[in-house]
Amino acid sequence: MEILFYICAAVSVLAALNVVLQRTPVYSALSLILVLCLLAVIYLLLGAEFIAVIQVIVYAGAIMVLFVFVIMLLNAGREVPSERSRLARWLGVPLVIAFLLEVLWAVWNQFPSGTAPAADFDAGPAAIGHLLFRNYVLPFEVTSVLILVAILGAVVLAKKEE
Amino acid sequence: MYAFFQRADYLAIKPEILVTMFALAILLFDFLLEKRDKWMNALVALIGLGFGAAQLTMFWSRLGEGAGYKGFGGAFTLDTFAVYAKLIIIIATGLVVLLSAKYLEVEGANFGEYYALLLFAAVGMMFLASGTDLIVLFIALELMALCEYVLTGFLRGSRRSNEAAVKFFLLGAFSSGLLLYGMSLLYGIAGSTNLAVISRRLAERPSPDPLSWVAMITLLAGIYFKVAAVPFHQWTPDAYEGAPTSITAFISVAPKVASFAFFIRILIEGLWPMRAEWQLLTIGVAVATMTLGNLAAITQTNIKRFFGYSTISHVGYLLLGFVAAADGNREGVTAIVIYLLVYAFMNLGAFGVIILMRRRDLIGDEIDDLSGLMTRAPGMAILMLIFLLSLAGIPPTAGFIGKYFIFLSLIETGHYTLAVLAVGYAVVALYYYFRIVVAMFMKKVPDTVPIAMGMGVRVALGVTLVMTLLIGIYPQPFIAMAREAVRPLFL
Amino acid sequence: MIPLSHVLTLSVILFVIGAAGFVLRRNIITVFMCIELMLNAANLAFIAFSRYLGTLDGQLFVFFVIVVAAAEAAVGLAIIIALYRNRETLNIEDLDSMKL
């Protein structure tokens, strides 16, 4: 079990790096799909079966297909490096690495390797459904408006000029 | 265990439900309207907002001395603070609807979706003011933000509108990522997404450890983006300049009110045990925000961009209220709450005049377009003068009351340096607002295209003018209202 | 069992890679994908905490984040398509019609 986690973790970091380093958007998108699927495996290992399934179907499936579709539609080619991106590299990357070290230090301080997971953990669809329609029924309802806005927005912005 | 579908819970979100229903009604009836009847969409939107506001006023009188109602398992709080914020949001949205009708005709973008999106944005903001659970707050924030992105890019054919939408969207989505990461760490530390529980758990921890620092900083960075505080303000000038002017007016006011309500909930109700830490952070950010906003506003030539920076400087003042609040000073939050009310009216008033500069074949968003306004339309020029005086904080306008309470709370808590700095920047602000006054009154420009005023703009300008002067001259009832709004907050 | 700190380490690394990509990349769609990476890093942290705390709230949060991500993708990609129709570009640096 553990070994599977470390394999997935290592591959997902490499794939994530590929998302960022690739100059062609399609390769980035495919790498991102790989990251998403590997994360789904890790979710399974962490006992989140329902979310793992959703991750593959909705995230890796629906959302990323949308990305790939738009990349194809707009025929997005390789990007050309420029002066300003070099500036950003000097400024942004140290900042980001500082953040990484800070959080790692905090996390390792806070949760020493011995931190035990909670015993008897029921994350089946039934338990999630109960929670969703009891405690979280309000965000669930607001989400319906959110999705309507997304449809509306996509139609308003992407339809052709009359 | 919390029971299913309680009636009281749904009664508590009645204003939101009403506004949503009217937004849906607009989408349905838009198809039936002829092109020349599109103004009826605005009417439907106003009626919906009116119903929402009426319901909220009823809540206000009924809440009285109570602590407020907690519904949906503690995820939703209906207290005087929430009602107060929601009322400002609804009024601001209503004024924007009034300003939009004529403007959209000129832009040739008079679609029903525009008003529906405005109302949906208002619904998101209302939930943002009431949410006391991280999940509700996140969803509400995203609902507000998505509507803002779409509205910013609403003029599909305009390059500037597209560009503004892309920049706004990318930086907004990035800030959501930061915010979400902060929320995840906070959940890990506290073991709950409920703000009250988070506050309790944070208080139980011996002293702020590195992880809660990281959680707080990422969370606050996300919120600083939303309120346009330095160093996370870069999207503001571009989004303000490129968006349709009525939407610039909207995003400069209503989302600011909602974001600050959200900010108050997070800082006062959630992160109160860490107040010493966030006070430190807020001082730095507030000073940087005031400095950049005020200094960058001086050199602007585009009036919408100018108002972008002016908004940033106002955000700096608002943040100062948190500095005082962290010392346990209730007046600090009261000051923020009053400032938001005042700011909503004076800023929308100023935008009401700017919107009139957009005429057929004339974009009218340069400061030069206001030149000689005194000779062309004296009434407009005097209105603009009053709003600018208020924005600069000159008595007897409302802007003075807003700034006065911020200064007062700073002095009461002994932050004299900050108070002096804030007064200093108020003088700088006077200078750059005066630049516009000089352009309006001193320069003489032949009249090119006549300014035509629609009914909606008339009403909106009237309301904002009356409120700007009324709050300035007779502030007592508004101060009492703000005190009442702050009362239920845990401080 | 996998130690919590190891999962969180993975989460932070993914988050930082996403943030670095946001700063470095110039293609709008790639930048957007970097943001998706950041959201996923946060999701992983939620799931990990949820497992170790023994409460389901974290998983519910992820559920909502996925919905939000879908909505955001729809709107974001529509904005990008509208931009491409007018400008024929996907490079952030070409968006300069509003410089000082």
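Remarks
- Search result, residues across the range C:52-67 that are more than 7 Å from chain A (Cβ to nearest Cβ) and assigned to a helix (DSSP H, G or I): C:ASP57, C:GLY58, C:PHE61, C:VAL65
- Verdict on B:TYR404 being surrounded by fewer than 24 Cβ atoms within 10 Å (Cβ to Cβ), among the hydroxyl-bearing types (Ser, Thr, Tyr) and over 21 Å from B:TYR432 (Cα atoms): no
- Scanning the range A:107-154 for residues that are surrounded by 12 or more Cβ atoms within 10 Å (Cβ to Cβ), more than 8 Å from chain C (Cβ to nearest Cβ) and aliphatic (A, V, I, L, M) yields A:VAL137, A:LEU138, A:VAL142, A:VAL145, A:LEU148, A:LEU152.
- Whenever a residue of the range B:208-223 is in contact (Cβ under 8 Å) with a residue 12 or more places away in the chain and more than 9 Å from chain A (Cβ to nearest Cβ), its partners that are outside any helix (DSSP H, G or I) and buried (at least 19 other Cβ atoms within 10 Å of the Cβ), lying with C-beta atoms within less than 7 angstrom and at least six residues away or across chains, give the pairs B:MET216/B:LEU271; B:ALA221/B:PHE232.
- Selection status of B:ILE198, part of a helix (DSSP H, G or I), of a type in the set (Val, Ile, Thr) and surrounded by fewer than 24 Cβ atoms within 10 Å (Cβ to Cβ): no
- Residues of the range C:51-100 satisfying the condition of being among the small types (Gly, Ala, Ser), closer than 16 Å to A:ALA76 by Cβ and touching a Lys or Arg at 6+ places or on another chain (Cβ under 6 Å): C:ALA82
- Meets criteria (among the polar types (S, T, N, Q) and either more than 9 Å from chain A (Cβ to nearest Cβ) or touching a strand residue (DSSP E or B) at 6+ places or on another chain (Cβ under 6 Å) (or both)) for C:ASN86: yes
So that you can scan it fast, the table gives a plain yes or no per residue for (1) in contact with a helix residue (DSSP H, G or I) (Cβ under 9 Å, 6 or more places away or on another chain); (2) under 17 Å from C:LEU39 (Cα atoms); (3) more than 8 Å from chain C (Cβ to nearest Cβ):
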site	(1), (2), (3)
A:VAL20	yes, yes, no
A:TYR27	yes, no, yes
A:ILE33	yes, yes, yes
A:LEU36	yes, yes, no
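- Scanning the range A:49-63 for residues being in contact with a Gly (Cβ under 8 Å, 6 or more places away or on another chain) and among the hydrophobic types (A, V, I, L, M, F, W, C) gives a total of 1.
- Count of the range A:18-29 residues, restricted to those that are in a helix (DSSP H, G or I) and surrounded by fewer than 17 Cβ atoms within 10 Å (Cβ to Cβ), is 3.
- The residue that is surrounded by the most Cβ atoms within 10 Å (Cβ to Cβ), counting only those in the range B:186-195 that are more than 7 Å from chain C (Cβ to nearest Cβ) and in contact with a Leu (Cβ under 7 Å, 6 or more places away or on another chain), is B:LEU186.
- Subset of the range B:221-254 [of a type outside the set (Gly, Ala, Ser), within 13 Å of the chain's Cα centre (by Cα) and under 17 Å from B:LEU99 (Cα atoms)]: B:ILE247, B:THR248, B:PHE250, B:ILE251, B:VAL253
Here's the yes/no breakdown for (1) at pLDDT 90 or above; (2) buried (at least 24 other Cβ atoms within 10 Å of the Cβ); (3) touching a helix residue (DSSP H, G or I) at 6+ places or on another chain (Cβ under 7 Å); (4) hydroxyl-bearing (Ser, Thr, Tyr):
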| residue | (1), (2), (3), (4) |
| --- | --- |
| B:TYR224 | yes, yes, yes, yes |
| B:ALA228 | yes, yes, yes, no |
| B:PRO244 | yes, yes, yes, no |
| B:ALA249 | yes, yes, yes, no |
| B:VAL257 | yes, yes, yes, no |
| B:TRP272 | yes, no, yes, no |
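- A single member of B:VAL253, B:VAL230 is assigned to a helix (DSSP H, G or I) and more than 14 Å from every other protein chain (Cβ to nearest Cβ), and it is B:VAL253.
A quick yes/no check of all residues on (1) buried (at least 21 other Cβ atoms within 10 Å of the Cβ); (2) closer than 20 Å to B:TYR149 by Cα:
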position	(1), (2)
C:VAL16	yes, no
C:ALA19	yes, no
C:MET33	yes, yes
C:THR55	no, no
C:ILE80	yes, yes
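- Flag for C:ILE28 being among the hydrophobic types (A, V, I, L, M, F, W, C), in contact with a strand residue (DSSP E or B) (Cβ under 9 Å, 6 or more places away or on another chain), within 19 Å of A:LEU17 (Cα to Cα) and in contact (Cβ under 8 Å) with a residue 12 or more places away in the chain: yes
- Counting only helices (runs of 4 or more DSSP H) that sit wholly inside the range B:405-491, those with at least 1 residues that are within 30 Å of B:TYR69 (Cβ to Cβ) and of a type outside the set (Lys, Arg) are B:455-473, B:476-486.
- When residues of the range B:152-177 are limited to those that are of a type in the set (A, V, I, L, M) and surrounded by fewer than 24 Cβ atoms within 10 Å (Cβ to Cβ), the one nearest to the other protein chains (Cβ to nearest Cβ): B:LEU170
- Test: C:ILE35 is over 11 Å from the mean Cα position of the chain (by Cα), touching a residue at least 12 places away in the same chain (Cβ under 8 Å), in a helix (DSSP H, G or I) and more than 20 Å from A:TYR6 (Cβ to Cβ): no
- Across the range B:388-407, not a single residue is classified as more than 21 Å from the chain's Cα centre (by Cα) and without any contact (Cβ under 8 Å) to a residue 12 or more places away in the chain.
- Pick from the range B:64-95, criterion outside any helix (DSSP H, G or I) and among the small types (Gly, Ala, Ser), ranking: surrounded by the most Cβ atoms within 10 Å (Cβ to Cβ): B:ALA75
The values are calculated or read from the model by the stated rules, or taken from the named source; none is laboratory data. This one's a predicted model, so the numbers in the text were calculated from it and none came from an experiment. Note: ideal-geometry Cβ built from the backbone for every residue, glycine included; neighbour counts use all protein chains shown.
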